[in-house]
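Worksheet: one structure, shown below.
The values are calculated or read from the model by the stated rules, or taken from the named source; none is laboratory data. Please read all numbers here as calculations on a predicted model, not as lab measurements. Here Cβ is always computed from backbone atoms with ideal geometry, including for glycine, and neighbour counts include all displayed protein chains. When the accessible area is computed, the model is the full protein with side chains, heavy atoms only, and any ligands, DNA or RNA have been set aside. Shrake-Rupley method; radii C 1.70, N 1.55, O 1.52, S 1.80 Å.
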Amino acid sequence: MSMEVRKIILVAGARPNFMKIAPLMHAIENQKTIEPILIHTGQHYDEQMSELFFKQLEIPEPHVNLEVGSASHAVQTARIMERFEKVCLEIGPAMVMVVGDVNSTIACTLVASKLGIVTAHYEAGLRSGDRSMPEEINRIVTDSICDYFFTTSKDANENLIKEGKQTDNIFLVGNLMIDTLMRLLQKATIEGLRNSEIEGLDDKYALVTLHRPSNVDHSEMLLSIMKALQKLAHHMPVIFPVHPRTRLRISDIGYRISEKQQLYLIDPIGYLEFLSLQKNATVVITDSGGIQEETTVLGIPCLTMRENTERPITVWEGTNKLVGVNDIEYEVEEILKGNGKKGKVPDLWDGKAAERIVSILIERIRW
Ligand code: UD1
């Protein structure tokens, strides 16, 4: 009996999508009944934000890059929709699979579902409860029209059920980002950073990433964060790979670091370099979603500078703590005293999420 090969479009758009798409592409390419077609929307386009990740994560070249670039949310979303519709009509996939919560996620789900194509969302059901975050709107809208839901944690299943989804369409599969982390952990070394200006990588240091509008778009907030980091830099080197959006805001407020400071504002770095910095850090200070998960798996204390999180399991079970700018000093002191938050790795965050998704696609759902 010959089996028909079904085409699935996988969508990647922004940096945090790439770590989720990589294991999925690899797992789908390992079998013969589903043909994966990767579409890059071009939401992130800088070499350091995109190409480098494709290389390091060994993601195959995308079938096409929609090259939408940066713009307001409405314009960016509209551009993705317009260009993605053409691609769907050309390719005629049986399914479109999206990941995460970025503008590419919602734009492509909306297009596919209106064309009558079956849709699946990996990382469905996460909710911060905070609609001032663009990502929360993307999550809610994506899940409201999607057909199948792949989730990372039990709370996500509960959220989807509360929103009226059928349990038959929800699959708790674990965490794709952790698949990538586990595959590449051994390869992640700081050698690439040795020649940079950063000193003190062999001892205690803090690793920082910040790019959420709530932290960087308000001058006063951003300034108080920079001051807190400067203060922390008196005690240990602070390494801060700066997102392009944050770089712009820091220059808007005219902030400059005085020389001799151990506060290193560096350009965005690759996945392997960042992972190596995470695994050896004394503390990670962030507002990213993925980093809350990665630090939990690595067992590194994470201070998340947000009032809420769509990933509460990293707080309930992991090393994550939600903090305000005024808490940083105290929290870091506690960590230095050995009182940093300890945790465990959530169920199914074991490096096998992609395998589970592929076997569900092949054996358990209709498309
Ligand atoms: C996007 C995602 C966010 C994710 C983040 C990770 C949405 C709504 N937000 O936010 O969830 O956590 O990516 O990075 O989808 N820029 C560049 N080069 C690039 C990309 C962006 O210079 O390759 C600059 C542009 O000035 C742009 C700004 O960064 O205006 C913001 O980029 P954008 O993609 O709009 O949102 P992010 O803040 O990156």
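Under the classification rounded if a/c is under 1.5, otherwise prolate if a/b is larger than b/c and oblate if not, where does the stretch 133-198 fall, given a ≥ b ≥ c as square roots of the Cα gyration tensor eigenvalues? Intermediate values should be presented prior to the final figure.
Values: a/c = 4.25, a/b = 2.28, b/c = 1.87.
Taking the square roots of the gyration eigenvalues as a ≥ b ≥ c, the stretch 133-198 is prolate.
Taking 0.36 nm per residue of sequence separation and removing the Cα-Cα distance, the residue 366/residue 345 pair yields an extension gain of 4.4 nm.
Applying a 10 Å radius around every beta-carbon, put 299-306, 355-362 in order of their mean neighbour count, most first. Could you put the intermediate results ahead of the total?
Numbers: 299-306: 23.0, 355-362: 18.4.
Ranked by mean Cβ neighbours within 10 Å, highest first: 299-306, 355-362.
All C-alpha to C-alpha distances of the chain, sorted into 20 Å bins beginning at zero, yield P(r) values of 30, 58, 12, 0 percent in whole numbers.
Each label point was placed 7 Å from the Cα along the Cα-to-Cβ direction; for residue 49 and residue 137 their separation is 1.9 nm. Computed extension gain for residue 251 through residue 162, at 0.36 nm per residue and net of the alpha carbon distance, reaches 27.7 nm.
What is the Cα convex hull volume of the stretch 33-99 when expressed per residue in Å³?
Numbers: hull volume 6.7 nm³, N = 67.
Taking only Cα atoms, the stretch 33-99 has a hull volume of 100 Å³ per residue.
Cross-link candidates for residue 204: which aspartates and glutamates have Cα within less than 18 Å, leaving aside residues fewer than 8 places away along the same chain? Partners found: 191, 273, 329, 331, 333, 334. Taking Cα atoms only, the orientation of helix 73-91 departs from the longest principal axis of the chain by about 40 degrees.
Counting only protein chain heavy atoms and rolling a 1.4 Å probe, the accessible areas of 177, 221 rank, largest first, as 221, 177.
Can you give the FRET efficiency to the nearest 0.05 for residue 196 and residue 224, using r as the Cβ-Cβ distance and R₀ = 35 Å?
On the way: r = 27 Å, r/R0 = 0.78.
E between residue 196 and residue 224, to the nearest 0.05, is 0.80.
Partners of residue 32 within straight-line reach, counting lysines whose Cα lies under 16 Å from its Cα and excluding those fewer than 8 residues away in the same chain: 7.
Answer rounded, prolate or oblate for the stretch 259-367, using the Cα gyration tensor with square roots of eigenvalues a ≥ b ≥ c: rounded when a/c is under 1.5, else prolate when a/b is larger than b/c, else oblate. Prolate is the answer for the stretch 259-367, as a/c is 1.5 or above and a/b outweighs b/c. Taking every protein chain into account, the accessible area of the stretch 187-336 amounts to 43 square angstrom per residue (probe 1.4 Å). The loop-placed chymotrypsin sites (Phe, Trp or Tyr not before Pro) in the stretch 220-281, going by DSSP, that have at most 16 neighbouring Cβ atoms within 10 Å of their Cβ come out as 255. With both labels modelled 7 Å from their Cα along Cα-to-Cβ, the residue 317 to residue 115 distance reads 3.6 nm. Too long at a 30 Å Cα-Cα cut-off: which of 20/321; 20/162; 55/86; 165/279; 154/231; 187/344? Those over the limit are 165/279; 154/231.
How large a share of the accessible area of the stretch 187-336, in percent, is made up of carbon and sulfur atoms when the probe is 1.4 Å and the other protein chains stay in place? The nonpolar share, carbon plus sulfur, comes to 47 percent. What does the C-alpha gyration tensor say about the overall shape of the stretch 187-336? Classify as rounded when a/c is under 1.5, otherwise prolate if a/b is larger than b/c, or oblate. Rounded.
Rolling a 1.4 Å probe over the protein heavy atoms leaves residue 234 with an accessible area of roughly 130 Å². What angle, in degrees between 0 and 90 and rounded to the nearest 10, separates the Cα long axis of helix 15-29 from the longest principal axis of the Cα atoms of the chain? Around 40 degrees separate the two axes.
Quick check: Cα centre of the stretch 43-111 to Cα centre of the stretch 234-272, how many Å? With the stretch 43-111 and the stretch 234-272 each reduced to a Cα centre, they are spaced 28 Å. Compared with the dominant Cα axis of the chain, that is its longest principal axis, helix 271-280 is turned about 50°.
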